[in-house]
Amino acid sequence: MASRVGSSTIAAPARVARNSAGLLVARLTSLLAGFLTLPILYDRLGAPAFGVWALLSGLIAWVAYADLGLGSAQIREVARAVGSGRHRQARAVLGVGVIWGACLGTLALAGCWLCWPWIAALLNFGSMSGPAMDATLLLLVGFWVATGTVPWRAVLEGTQRYLLLSMVEIAAAVLTAGLTVLVLLSGGGLVALAGATTAVNACRAIAIVTMASYLTRELTPSVVRIRRSDLRVALRYGLPVQVSNAAAAVNNDTDRFMLGAVIGPTAVAGFEPGSKLANLLRLPPSFLMTAVFPAAASAAASDPRRLDRLYVTMTRYLAAFAALGVAVLVVSADPLIRLWLGQPLPLASTTVVVLGVGYAINVTVGAASVVTRAEGTPGRETRYALVAAALNIVLTLPLLHLLGAWGAPLSTTIAASVASGYFFVHFHRRSGRSFRPLTRALFPPTLAAAVAVGLTSAAVPLLPDGAGRGDAFLAVVSRSGMALVLTAAVLVALRYFDTHDLARLRAALAAPADRRPMAPAAGPRRPESPLEPTSRLERSSR
């Protein structure tokens, strides 16, 4: 039994580490491709057309959020089927996803065609309304193709085949970048860019469906086997997630739409680069949480104490990462924009600073979100998302009129900060978890980031800087380096990390590949960190 425990203990973090690394490499490739092409987009299209392109991308993102929460529900059912053998129910839930994906894509195309005059007027497209409509319809065709492959993607994610997905995404990112540059250099505009995006979506869809069908034939989506009980399973779990996703759509995309409606696409062109830089802070944690979810779902069903340890450990790591990341973004915002675009863009720099703080706070709730979904109670997260969305809506317009364009990112940061605090309180009270481990996980990184930002900002006049890209590079390196060193020094001085963290990292890197489904650990287990609970936590009935 001891060997089984040891093997399971090592296998879980090893698989999570491999999956996270694969997702991270794929996303970094996509980011690099996007970051290399964005300056070309901005230069070739011009600020107004670039702002329109950003708004069109936001429209597609809004439509994608309307998935009834079936994305998470399908992954969860596939992960549960791997351990329990309930393939019929998993295939039926996947079939529900196929039907809704087809319906959503069709409704989106019809709605865009019928409502376009109102959409164009609301977002101030003006003379670009015609090309923007053609581009939107093409993008929606690509979205229709992509959403139709979500069940097959869920099969790959639920069986933890993230490395294969990563290879597909890397190829798609490279192809997108190449086609984008080719279109722009040949004089193409919004419509040609949309056509290139749709072509890449089609290639990605073919690859995902082919791999999932070949590797997991027993989990092929089935439309004919759907029962009422399958619909209840999918929607009972998915609808609360859908509410959270709708609120996320408000929180993630309200800023650009409000800027477009109140000020115009040119303001969106200034906001968009800063928003993309600030979003870097949320990407690595999102990969980690995606990779952790199947393991969390397994632990929730078999070993609640292991789930508690996972929650506290992941929260500690997320908080440390957020502290390091926000310190770098805040002190390096202006030279980062100049290095990237080759020119200063004050709204973009301000957006990096303001949104960076809000996203850093929001990152820390990632582990709690995964746990509440793994326990089958996504409704806990719904309230948090609704609070953030409501605050964002209430604050955006007044702050835009009071402060100008940077009032939009400020409203998002205030909403994210207040809602994150609310979610932690609600999550711990409803699940019976103690607040003490959470406080000990969050306070040291918060203090470290504050000290690093204060001292580095005071030292900025003494650090190298200048007008050119080379000078901006030196400014980024010196400022970010100083912020990183100071943040890490404070964390070390407060003894935030211990020997268990290093041992866990070594085990994850040294463990052999385990292709089998993860089995729950058996036997007693000692806490892996002084911050973790030493006894089973009391839980309220669900």
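The values are calculated or read from the model by the stated rules, or taken from the named source; none is laboratory data. Just so you know, these numbers come straight off a predicted model, no measurement behind them. Glycine also receives a Cβ, built like all others from the backbone with ideal geometry; neighbour counts cover every protein chain displayed. Accessible surface areas use protein heavy atoms only, side chains included; no ligands, DNA or RNA. Shrake-Rupley method; radii C 1.70, N 1.55, O 1.52, S 1.80 Å.
Between Ala108, Ala79, Met128, the Cα set farthest toward the positive side of the dipole of the stretch 54-151 (charges on each charged residue's Cβ, about the Cα centre) is that of Ala79. Comparing Cα centroids, the stretch 51-115 and the stretch 428-452 end up 35 angstrom apart. Among the protein heavy atoms, those of Phe321 account for about 70 Å² of accessible surface (1.4 Å probe, every chain in place). Think of each Lys and Arg Cβ as +1 and each Asp and Glu Cβ as -1; about the Cα centre, that makes the dipole of the stretch 329-432 roughly 260 debye.
Which whole-angstrom value gives the distance between the alpha carbon centres of the stretch 462-481 and the stretch 174-224? Cα centroid to Cα centroid, the span is 39 Å.
Peptides 127-133, 113-119, 367-373, ordered by how many other C-beta atoms sit within 10 Å of their residues on average, highest first, read 367-373, 127-133, 113-119. When the residues Arg232, Arg76, Arg161, Arg433 are ordered by accessible surface, computed with a 1.4 Å probe over the protein chains alone, the sequence from largest down reads Arg232, Arg161, Arg76, Arg433.
For q values of 0.26, 0.27 Å⁻¹, compute log₁₀ I(q)/I(0) with the Debye formula on a Cα-only model of the stretch 101-174, without solvent. Reported log10 I(q)/I(0), two decimals: -1.11, -1.15. For the stretch 414-430, backbone phi angles converted through the Karplus equation (6.51, -1.76, 1.60; θ = phi - 60°) give residue-by-residue couplings of 4, 4, 5, 5, 5, 5, 5, x, 4, 5, 4, 4, 5, 4, 5, 5, 6 Hz, Gly and Pro being listed as x. Taking every protein chain into account, the 1.4 Å probe leaves Met167 with about 110 Å² of accessible area, to the nearest ten.
Ranking of Met258, Met289 by solvent-accessible surface, largest first: Met258, Met289 (1.4 Å probe, protein heavy atoms only, all chains present).
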